[in-house]
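Novice: Pasting a structure below so you can have a look.
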Amino acid sequence: MANDLLRGKKGIIFGALDPNSIAWKVAQRAHEEGAQFVLTNAPVALRMGAINELGEATNSEIIPADATNMEDLENLFTKSQEILGGKLDFVLHSIGMSPNVRKKRHYTDLNYDFYHKTLDISAMSFHRVLQTAMKLDAMNEWGSMLALTYIAAQRTFPDYNDMSDAKALLESITRTFGYQYGSAKKVRVNTISQSPTPTTAGTGVKGFNAFINYAEKMSPLGNASAADCADYCITMFSDLTKMVTMQNLFHDGGFSFTGVSQEVMERFED
Ligand SMILES: NC(=O)c1ccc[n+]([C@@H]2O[C@H](COP(=O)([O-])OP(=O)(O)OC[C@H]3O[C@@H](n4cnc5c(N)ncnc54)[C@H](O)[C@@H]3O)[C@@H](O)[C@H]2O)c1
């Protein structure tokens, strides 16, 4: 259902890899709500080609950018403003990757080059995006910049590995930069903490099936899907959430505030 919530708004969407990606659903919903945007992903991800289909369906141009490369980001923000004809109103950072998770390194046996990469790609990249946007004065007042995170930033989920540290840093950058950007330019910065979701990044986490099933049983509303997450992102880009900034917003069917559910309790009865 479209309500023209983003009519006239312009933005950049990072991280649509394939139709399962959360960013893919956000792009579809943003298009339905009347937004115009540029799609971007790392050059290596673009070579897979699926994003061209999304570009055609949403009438969007695609600009490659490695989110750890400042020149790529400057080029992205400059060209996006040229293509869209002005400053931007929203940015989605939907990026995560851990070489330690990929190579199955245990948290007590991390490779530190990999660890640097995890933090750079999954957290520092948001600082890079924010800093680039601010230096180029690329955002309109009341613009909304959003990143996706996971509750492993607050509570330990053993197999989430060094991504837990990356998410804690990502959420801290959101508060710290959010203060600066809000006071200087009235731009808002938030994270959405999403339920486990079956995507390429999600299913890369060891024991993902147990993870998602457990969360489903522990959430009074059940797990939030990628499409539900896209709906929430749209509200965060809209003027209806104008005074929300520096927040970590749980979008998880109630998981984050449930101590234990009846269903999980019953599994432990004698
Ligand atoms: N899937 C889940 O269970 C879940 C839960 C909570 C939060 N999240 C977060 O949602 C976000 C999106 O992930 P997803 O689940 O849609 O998976 P996904 O694999 O579809 O998306 C991850 C994206 O990051 C991109 N990326 C990796 N390295 C990059 C780089 N150097 N520069 C630019 N882009 C790069 C990938 O190409 C990919 O498009 C991530 O931040 C993830 O941690 C996912």
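The values are calculated or read from the model by the stated rules, or taken from the named source; none is laboratory data. Bear in mind that the values here come from a model prediction, so they are computed numbers and not experimental data. Virtual Cβ from ideal backbone geometry, glycine too; neighbours counted across all protein chains shown.
Novice: I'm checking my understanding of the structure. Among residues of the range 40-60 that are in contact (Cβ under 8 Å) with a residue 24 or more places away in the chain and assigned to a loop (DSSP other than H, G, I, E, B), which one is nearest to the ligand (Cβ to nearest atom)?
Specialist: Among those that are in contact (Cβ under 8 Å) with a residue 24 or more places away in the chain and assigned to a loop (DSSP other than H, G, I, E, B), it is A42.
Novice: Please find, within the range 61-96, the residue that is nearest to T174 (Cα to Cα) out of those that are within 8 Å of the ligand (Cβ to nearest atom) and crowded, with 22+ Cβ neighbours inside 10 Å.
Specialist: Taking the candidates together, the pick is H93.
Novice: Sticking with this structure for a sec: Tell me which residues, restricted to the range 98-117, are surrounded by 21 or more Cβ atoms within 10 Å (Cβ to Cβ) and near the ligand (Cβ under 10 Å from one of its atoms).
Specialist: S98
Novice: Name the residues in the range 190-239 that are within 9 Å of the ligand (Cβ to nearest atom), closer than 24 Å to Q28 by Cα and among the aliphatic types (A, V, I, L, M), would you?
Specialist: I192, A201, A226
Novice: Hey, among the residues in the range 145-193 that are touching a Leu at 6+ places or on another chain (Cβ under 6 Å) and within 22 Å of S219 (Cα to Cα), which one's surrounded by the fewest Cβ atoms within 10 Å (Cβ to Cβ)?
Specialist: I192
Novice: Applying the selection to the range 191-221, what residues are assigned to a helix (DSSP H, G or I), within 16 Å of the chain's Cα centre (by Cα) and either aliphatic (A, V, I, L, M) or at pLDDT 95 or above (or both)?
Specialist: Passing the criteria: only A201.
Novice: Take L169 and decide whether it is under 21 Å from G15 (Cβ atoms) and touching a Cys at 6+ places or on another chain (Cβ under 9 Å).
Specialist: no
Novice: Further question: A42: at pLDDT 95 or above and closer than 18 Å to M236 by Cβ, yes or no?
Specialist: no
Novice: Further question on the same structure: Need the failing condition index for V187 against (1) more than 30 Å from A45 (Cβ to Cβ); (2) touching a Phe, Trp or Tyr at 6+ places or on another chain (Cβ under 7 Å); (3) more than 16 Å from the ligand (Cβ to nearest atom), just the number.
Specialist: So V187 meets the others, but not (1).
Novice: Starting from the range 1-14, keep only residues that are touching a residue at least 40 places away in the same chain (Cβ under 8 Å) and closer than 8 Å to A35 by Cβ, then list their pairs with residues that are outside any loop (DSSP other than H, G, I, E, B) and among the polar types (S, T, N, Q) whose Cβ atoms are within a distance under 7 Å, requiring at least 6 positions of separation or different chains.
Specialist: Listed by first residue and then by second, the contacts come to K10/Q36.
Novice: For the range 1-39, name all the residues that are surrounded by fewer than 24 Cβ atoms within 10 Å (Cβ to Cβ), within 16 Å of the ligand (Cβ to nearest atom) and assigned to a loop (DSSP other than H, G, I, E, B).
Specialist: Selection gives L17, D18, P19, N20.
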